[in-house]
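A short write-up of the structure that comes next.
Computed from the coordinates by the stated procedures, all read-outs in this text should not be read as laboratory data. Source: prediction; values computed, not measured. For neighbour counting, all protein chains shown are included, and Cβ atoms are generated from backbone atoms with ideal geometry for every residue, glycine included.
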């Protein structure tokens, strides 16, 4: 039974190629070059990193700064895109944190 399924999958793939050739379907155009930049925010209990003009936020995170007692992990209350500021990553903690924004632009 496994051989029969594998044969059908191959026939379907070949059929799809024939259909694409027959109807002149083309592939998507090549993507433009992408440049990414990491922006760091100030160190504090609230830290925001905003992408520069001409770029957009695609991700982010935080870095814990200073001393955190060994008997507990850092306490992070917010780590994500800002609900109020476009293209801004926000980190909030009772510890000292630094927000990091990953920004991207197409060239």
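Here are the numbers:
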read-out: Kirkwood Rh and Cα Rg combined as Rg over Rh, evaluated for the stretch 34-106; value: 1.03
read-out: Simple label model, 7 Å out from Cα along Cβ direction - residue 67 to residue 79, nm; value: 2.3
